[in-house]
1. Looking at LEU26, is it in a helix (DSSP H, G or I) and surrounded by 15 or more Cβ atoms within 10 Å (Cβ to Cβ)?
2. Go through the range 159-170 and report how many residues are surrounded by fewer than 15 Cβ atoms within 10 Å (Cβ to Cβ) and either part of a helix (DSSP H, G or I) or touching a residue at least 12 places away in the same chain (Cβ under 8 Å) (or both).
3. Can you name the number of the only condition in (1) assigned to a helix (DSSP H, G or I); (2) assigned by TED's automatic domain parsing to the domain that holds GLU78 that GLU123 fails?
4. Just need a number here: residues in the range 139-150 that are closer than 20 Å to VAL187 by Cβ and without any contact (Cβ under 8 Å) to a residue 24 or more places away in the chain.
5. Can you go through ALA133, ALA180 and tell me which one is assigned to a helix (DSSP H, G or I), under 15 Å from the mean Cα position of the chain (by Cα) and of a type in the set (Gly, Ala, Ser)?
6. Please go through the range 67-80 and give me each residue that is within 13 Å of ALA98 (Cβ to Cβ) and surrounded by fewer than 18 Cβ atoms within 10 Å (Cβ to Cβ), ordered by number.
7. Got a number for residues in the range 1-28 being within 23 Å of ARG55 (Cα to Cα) and of a type in the set (D, E, K, R)?
8. Looking at ALA43 and the list (1) modelled with pLDDT of 95 or more; (2) aliphatic (A, V, I, L, M); (3) surrounded by fewer than 16 Cβ atoms within 10 Å (Cβ to Cβ), which single condition is not satisfied?
Amino acid sequence: MVFVLTVDQRGSRSTSDLVPELLNSLNRRPRRTGLLRKFERTAGDEVQGVLSEARPTIDVIVELLRSDNWYVGLGVGEVTEPLPRSTRAGSGDAFVFAREAVTRAKSSQHHVNVVGADSRRAEQVETVLWLMASVLRRRSERGWAVADLLGEGLTRREIGVKLGISQSAVTQRAQAAGFAEEQRGRVLAADLLGAGAAA
């Protein structure tokens, strides 16, 4: 099983085309583990990519939720093999599920939906993503600054020095930002996704 992400820009008629910037961001790490086929523009303001690993898939979704500019559809299932070179030419259940998911996302409060052959597992992953979206939506710029540095592996003392604040202030900002909740959410969503794919 693989993970297909279909992503459509929100409010594209009233804003500039954000797809080129998004593609650069999503594809610039060759290093992005598990990327089977790079993200490509499929039509209009929509992009699609294919991944083979759960954690990198969740990391991409969190990145998309953070910007709050996208409807995100995740399809979990089989694809027709061999996969063509171009993401746009791919076919199979995962692509169909991703299309259904992004359509649902357009009427979802959290702008992210998951569809897969195992509907219960897909709903569980979706629930975790919705909870994470609620946390991320409330995070302030100062909260993001601390969360990003914690994500890079810096200690609270190092972050305090870098931001010019006390260690206790770093802790308070991390708590207000829901950093621990986000990290646990990433792990839980990836575990559920990976277990569903393995099954």
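1. yes
2. Qualifying residue count for the region: 4.
3. (2)
4. Matching residues across the range 139-150 total 2.
5. ALA133
6. If the condition is that a residue be within 13 Å of ALA98 (Cβ to Cβ) and surrounded by fewer than 18 Cβ atoms within 10 Å (Cβ to Cβ), then GLU78 is the only one that fits.
7. 3
8. If we test ALA43 against (1) modelled with pLDDT of 95 or more; (2) aliphatic (A, V, I, L, M); (3) surrounded by fewer than 16 Cβ atoms within 10 Å (Cβ to Cβ), just (1) comes out false.
The values are calculated or read from the model by the stated rules, or taken from the named source; none is laboratory data. Just so we're clear, the structure is a prediction, and the values are computed from it rather than from any experiment. Glycine gets a Cβ as well: all are built from the backbone with ideal geometry, and neighbour counts include every protein chain shown.
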